[in-house]
Amino acid sequence: MSDRNRPVLLNDGGQPTQGPPPTPPVPPGPAMPPRPAAPPTAALIKVGFWTRFAAAIVDLIVVGIPCWIIVAVAGAGAVMGGGRGGPSPAGMAGFGVAQMLILIISLAYSIGLIGSRGQTVGMMALKIKVVPTTGGEMTYGRATLRWVGSILSGAIVYLGYLWIAWDPDKQAWHDKIANTYVVKV
């Protein structure tokens, strides 16, 4: 097609223009449904160190007593099974199995309850809950990340737990790692 056969485009003033004609405005389509908003963080009442410490004491009793019984039985078996020569290898292996059982109980208790409900028994007793900073419900993945972070919180003289006392959002290191708050229910 030669330039002579090409139609001439005119602007609003009737003058020839270069380029394609302007596209007509697109009529508005149906509105997208709004995304659910996260609860405003200012509306959440974040819980401080002493309330969280009290919940941890309740959890220690709930989990600690059964674990103490497991260790007592396994330890007695390890020491008594060896006679005068000290602990027997089988007794020590049983003690190792008991330690693994305690780890599994602790993991299941913490990750299971916080991942499914956002609360351990101690938190339920004190009416507090773990929530994501972005809103919504806790997940097992976030609860696992928080548990792993709690190891770091306790690794350096429990400084990560004490951090709650002066942090403006009252977050321990494991809360910061998992993006969680502990709030009143």
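For Lys129, work out the one condition from (1) over 12 Å from the mean Cα position of the chain (by Cα); (2) buried (at least 18 other Cβ atoms within 10 Å of the Cβ); (3) of a type in the set (Lys, Arg) it doesn't fulfil. Going through the list (1) over 12 Å from the mean Cα position of the chain (by Cα); (2) buried (at least 18 other Cβ atoms within 10 Å of the Cβ); (3) of a type in the set (Lys, Arg), Lys129 breaks only (1). Condition test on Gly136, is it in a helix (DSSP H, G or I) and either within 26 Å of Ile65 (Cα to Cα) or open to solvent by less than 70 Å² (accessible area, probe 1.4 Å) (or both)? It is false that Gly136 is in a helix (DSSP H, G or I) and either within 26 Å of Ile65 (Cα to Cα) or open to solvent by less than 70 Å² (accessible area, probe 1.4 Å) (or both).
Among the residues of segment 146-180, those that are at negative phi, open to solvent by 60 Å² or more (accessible area, probe 1.4 Å) and either among the charged types (D, E, K, R) or assigned to a loop (DSSP other than H, G, I, E, B) (or both) comprise Ile156, Trp166, Pro168, Lys176.
The values are calculated or read from the model by the stated rules, or taken from the named source; none is laboratory data. Predicted, not measured: the structure shown is a model, and the values here were computed from it. Positions of Cβ are backbone-derived with ideal geometry, glycine not excepted, and every protein chain shown enters the neighbour counts. Accessible surface areas use protein heavy atoms only, side chains included; no ligands, DNA or RNA. Shrake-Rupley method; radii C 1.70, N 1.55, O 1.52, S 1.80 Å.
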